[in-house]
């Protein structure tokens with residue numbers, strides 16, 4: 001990569017929804033897209049300085065959160081959320097030219113895509129096996145290179161990239177399927193947008209009302225929460241950390257006081273992931 005070139009990492013290969021999100025983000029600035037084979041590799045690339053930023057899927061309207069991203073941001077990587085994009089997701093059933101629906105023996109795709117098309121697969125391909133891949137486009141690559149009657153769940157655009165045929169245009173169970181992507185960088189940036197969101201991860205002691213005390217601080221200040229969920233703390237069974245998004249910016253003095261003073265007193269660990277303009 002050339003020195004001075006803005007590099008944005010995304011989950012490849014070509015033809016993924018991550019690439020769609022990356023191209024949309026790069027409409028705002030000139031950048032060079034760099035494909036990676038795993039989400040952790042993207043975050044590692046940002047942390048090492050190989051990438052200026054990375055774009056990663058974090059939440060789907062049908063299947064929920066992409067847990068590995070939250071685990072990595074809470075743990076080994078001290079990175080920041082700088083922005084978000086919402087991308088409509090339509091999974092198409094792709095096959096090699098000439099393969100009929102009744103002939104399909106195996107369906108390949110990313111685990112999230114398979115889950116988002118679960119109803120379709122059980123109804124239309126009840127006998128077909130499922131195979132998980134690192135991305136939807138990686139599944140298309142495998143189908144294109146095989147002589148077996150396989151199919152991939154992937155963006156329709158991937159058919160042109162890999163010489164496949166769109167057998168079913170829309171296979172996802174929910175027609176309004178949407179994925180949220182985060183833009184990840186090394187340092188937090190101040191959010192000056194009209195509506196900002198802030199994300200944080202925290203832990204509390206194991207006693208009655210501990211989580212309530214945290215949520216009460218937001219309610220008392222009339223701060224709207226947009227997401228809260230728990231993830232295993234990965235220390236022992238039944239121990240959790242919590243991710244929380246709310247409307248507000250870290251440049252707001254009231255928010256700074258909340259994060260730096262009040263919440264620190266009632267949590268056992270607190271990490272602000274960043275503030276950004278709401279999509």
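Do we have any residue at all in the stretch 24-35 that's within 21 Å of residue 155 (Cα to Cα), outside any loop (DSSP other than H, G, I, E, B) and touching a helix residue (DSSP H, G or I) at 6+ places or on another chain (Cβ under 6 Å)? Scanning the stretch 24-35, I find at least one residue that is within 21 Å of residue 155 (Cα to Cα), outside any loop (DSSP other than H, G, I, E, B) and touching a helix residue (DSSP H, G or I) at 6+ places or on another chain (Cβ under 6 Å), so the answer is yes.
Flag: residue 179 does not match the condition of being more than 30 Å from residue 93 (Cβ to Cβ), surrounded by 14 or more Cβ atoms within 10 Å (Cβ to Cβ) and either within 25 Å of the chain's Cα centre (by Cα) or at pLDDT 95 or above (or both). The number of residues in the stretch 46-59 that are without any contact (Cβ under 8 Å) to a residue 60 or more places away in the chain and either under 30 Å from residue 121 (Cβ atoms) or assigned to a loop (DSSP other than H, G, I, E, B) (or both) comes to 2. Is it the case that residue 43 is surrounded by 15 or more Cβ atoms within 10 Å (Cβ to Cβ) and in a strand (DSSP E or B)? So residue 43 does not fit the description; no.
So, in the stretch 3-23, how many residues would count as being part of a loop (DSSP other than H, G, I, E, B) and under 22 Å from residue 136 (Cα atoms)?
Total satisfying the criteria: 5.
Within the stretch 191-210, the presence of at least one residue that is more than 30 Å from residue 93 (Cβ to Cβ), out of contact with any strand residue (DSSP E or B) (no Cβ under 7 Å at 6 or more places or on another chain) and surrounded by 15 or more Cβ atoms within 10 Å (Cβ to Cβ) is confirmed. Residues in the stretch 88-97 include none that are in contact with a helix residue (DSSP H, G or I) (Cβ under 8 Å, 6 or more places away or on another chain), modelled with pLDDT of 95 or more and closer than 22 Å to residue 189 by Cα.
Of all the numbered requirements in (1) assigned to a loop (DSSP other than H, G, I, E, B); (2) in contact with a strand residue (DSSP E or B) (Cβ under 6 Å, 6 or more places away or on another chain), residue 176 misses one, and that requirement is (2).
Being touching a strand residue (DSSP E or B) at 6+ places or on another chain (Cβ under 9 Å), surrounded by 17 or more Cβ atoms within 10 Å (Cβ to Cβ) and modelled with pLDDT of 95 or more holds for only one residue in 140, 113, and it is 140. In the set (1) surrounded by fewer than 17 Cβ atoms within 10 Å (Cβ to Cβ); (2) modelled with pLDDT under 95; (3) out of contact with any strand residue (DSSP E or B) (no Cβ under 7 Å at 6 or more places or on another chain), residue 258 fails one condition alone, (1). The helices (runs of 4 or more DSSP H) located wholly in the stretch 60-154 that include 1 or more residues which are in contact (Cβ under 8 Å) with a residue 40 or more places away in the chain and outside the structural domain of residue 39 (by TED's automatic domain parsing) occupy 111-116, 118-124, 136-144.
The values are calculated or read from the model by the stated rules, or taken from the named source; none is laboratory data. Keep in mind that what you see is a predicted model, and the values were worked out from it rather than measured. For neighbour counting, all protein chains shown are included, and Cβ atoms are generated from backbone atoms with ideal geometry for every residue, glycine included.
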